[in-house]
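Asks: Next up is a structure, given as C-alpha cells.
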Amino acid sequence: MRLDPRLGGAAALRLLLAAHVVAAFEPITVGIAIGAASVLTGYLSYKDLYCRFAECCRSERPLNASALKQDLEEKLFGQHLATEVIVKALTGFKNNKNPKKPLTLSLHGWAGTGKNFVSQIVAENLHPKGLKSNFVHLFVSTLHFPHEQHIKLYQDQLQRWIRGNVSACAGSVFIFDEMDKLHPGVIDAIKPFLDYYEQIDGVSYRKAIFIFLSNAGGDLITKTALDFWRAGRKREDIQLKDLEAVLSVGVFNNKHSGLWHSGLIDRNLIDYFIPFLPLEYRHVKMCVRAEMKARGSAVDEDVVTRVAEEMTFFPKDEKIYSDKGCKTVQSRLDFY
C-alpha cells in the first residue's frame, strides 16, 4: 500500500490504518469462493489458489542472491561498497531461519547517488510488486511527518502502522526517505521493534526489514573519497571500515539528522551504515546510457557526452564529482 502524496502526515497514516482494517476482511469473502473452487479442483491448496488472485506474503520465500547482485551491478553505477554490503546483508538475513532482530540498513550519501534506486531494487527482489506491494511501505519525512509539534502523534501512529502490517506479513519492508529532514525523536518510536525481542505483545518483528535513506553524512563520505583520489588511490579501494564508524558517529551528532542522538544508534540497532560515494563524470555517462536504453532509444555517444558535460562538478579546482549525482539526467535528456 502506498501513501497518497496529497494527504498530510497524520491524515495519511489514519487512512492507511483504516485501509488495513478493511483489507483484513476482504480475504473472508474471497476465501469462500476459493474454498469452493479448491473443492472442485481437488489439487490446489486454499493458499495456492488464493495467491493466484491476490498478493500473498511470502516471508519464507528465499532470496535470489544472484539476481539481486546482478540487478545492482547492472543498474547501480560507482557504488561498489553499497552493492557488496547490501547483497551480503540481505542474503545472510534471508538465509537465517531464526534472525534475532529485524534487518536495519541506513543508506547515506548526497542526492542522486542511488539510494532511492537501491531501495526500489531491494523491494523488487523481496516482493515481486516492489514499491507497489502491499508489504512494502514508503514514508517520506517532509510529506508524512511535516510538523514538529505533532511528534507524539506521529510516534503513536507509526507504531500502530508498523504493528498492524508486520502482523499481516512478517516479512514487511519499511523504507524511510529523507531521514535528514525527519524531526529528531520521531524515529525512536520504532526502537522496540528493532531490538532483540522475541515478541512484543504477541507480534514478532524479527523478519521485517527497515531501510533509512539520508543525505546526512554526505560530506564525510565525500571527504574520504576525495582523500583517496588525492592520494592516487582508486575509489574501489575504499572499504566499509574506512567510513562506517565515522559515519555513524557523524550522523548521531548531526542536529540536522532524524537520527540525531537517536536510541537506534546508541543501542547499536542499525546493522549497517552504508555509504554512497559521490559520482564521477564517467558514472554520469553510465547513467545517461542506461536512461537512453530504458527509453528504448539507441545510445548516441554524442548525446551522452553533451548531457554529462552540462552537469556541474566539485570541488571547484579539481571538478571530480557531480554535485547532483545522476539526479537530473532524466530531465536533461528530454532536451535531446
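The values are calculated or read from the model by the stated rules, or taken from the named source; none is laboratory data. Because the structure is predicted, anything quoted here is derived from the model rather than measured. Heads up, the Cβs are rebuilt from the backbone with ideal geometry, glycines too, and the neighbour counts pull from every protein chain shown. Areas reflect the complete protein model, heavy atoms only, side chains present, ligands, DNA and RNA absent. Shrake-Rupley method; radii C 1.70, N 1.55, O 1.52, S 1.80 Å.
Asks: Just name one of I320, A290, Y272: the one whose Cα is farthest towards the positive end of the charge dipole of the stretch 215-332 (beta-carbon charges, Lys/Arg +1, Asp/Glu -1).
Replies: Projecting each Cα onto the dipole axis, the largest value belongs to A290.
Asks: Now for a separate question. Quick one, could you list the DSSP H helices from the chain stretching 30 Å or more along their long axis (Cα atoms) with average Kyte-Doolittle hydropathy of 0.5 or above? Present the calculation step by step, with values, prior to reporting the outcome.
Replies: Values: long enough: 9-41 (47 Å, 1.63).
Passing helices, by number: 9-41.
Asks: May I pose another question? Given K75/K100; K101/K327; K207/K327; K100/K241, which pairs have Cα atoms separated by over 29 Å?
Replies: Values: K75/K100 32 Å; K101/K327 34 Å; K207/K327 32 Å; K100/K241 24 Å.
Over 29 Å Cα-Cα: K75/K100; K101/K327; K207/K327.
Asks: Taking loop as defined by DSSP and a crowding limit of 11 other beta carbons within 10 Å, which GluC sites (Glu not before Pro) in the stretch 49-81 fit?
Replies: Those that pass, being in a loop and sparsely packed, are E60.
Asks: Among bridges DSSP assigns within the chain, what percent are antiparallel (round to 5)?
Replies: Details: 4 of 23 bridges.
Of those bridges, close to 15 percent are antiparallel.
Asks: Given Cα pairs under 8 Å that are at least 6 residues apart, what percent is the relative contact order of the stretch 202-336?
Replies: Numbers: 112 pairs, mean separation 26.0, N = 135.
19 percent.
Asks: Give me the percent of the accessible area of the chain that comes from carbon and sulfur atoms, probe 1.4 Å, all protein chains in place. Mind dumping the intermediate values first?
Replies: Numbers: 8940 of 16660 Å².
Accessible surface attributable to carbon and sulfur in the chain totals 54 percent.
Asks: Regarding the stretch 74-168, what whole-number volume in Å³ per residue does the convex hull of its Cα atoms give? Present the calculation step by step, with values, prior to reporting the outcome.
Replies: Numbers: hull volume 13.3 nm³, N = 95.
Once divided by residue count, the hull of the stretch 74-168 is 139 Å³.
Asks: Let me check against my output: what whole-number percent is the relative contact order of the chain, with C-alpha pairs under 8 Å and at least 6 apart?
Replies: Values: 521 pairs, mean separation 72.6, N = 336.
Averaging sequence separation for qualifying contacts and normalising by length gives 22 percent for the chain.
Asks: A further question follows. Exactly which GluC sites (Glu not before Pro) in the stretch 137-221 are in a DSSP loop and have at most 14 other Cβ atoms within 10 Å? Provide the component values of the computation, followed by the final result.
Replies: Details: sites: E148, E178, E198; in loops: E178, E198.
Sparse-neighbourhood loop GluC sites (Glu not before Pro): E198.
Asks: Another question, then. Summing Lys, Arg as +1 and Asp, Glu as -1, what charge do residues with Cβ under 10 Å from the Cβ of V304 carry, V304 excluded? Let's see the in-between values first.
Replies: Working: positive: K285, R289, R306; negative: E291, D300, E301, D302, E309.
Every neighbour counted, the sum reads -2.
Asks: Considering only DSSP states other than H, G, I, E and B, which trypsin sites (Lys or Arg not before Pro) in the stretch 45-145 qualify as loop sites with at most 11 other Cβ atoms within 10 Å?
Replies: Details: sites: K47, R52, R58, K69, K75, K88, K94, K97, K100, K115, K129, K132; in loops: R58, K97, K100, K129.
In loop regions of the stretch 45-145 (DSSP not H, G, I, E or B), the sparsely surrounded trypsin sites (Lys or Arg not before Pro) are K97, K100.
Asks: OK, next. When ligands, DNA and RNA are left out and all protein chains stay put, how many square angstrom of accessible area per residue does the stretch 62-217 have with a 1.4 Å probe?
Replies: On the way: 6050 Å² over 156 residues.
In whole numbers, the stretch 62-217 has 39 Å² accessible per residue.
Asks: Would you work out which of N253, P192, Q330 lies farthest towards the positive end of the dipole of the chain, given +1 charges on the beta-carbon of Lys and Arg and -1 on that of Asp and Glu, about the Cα centre?
Replies: P192
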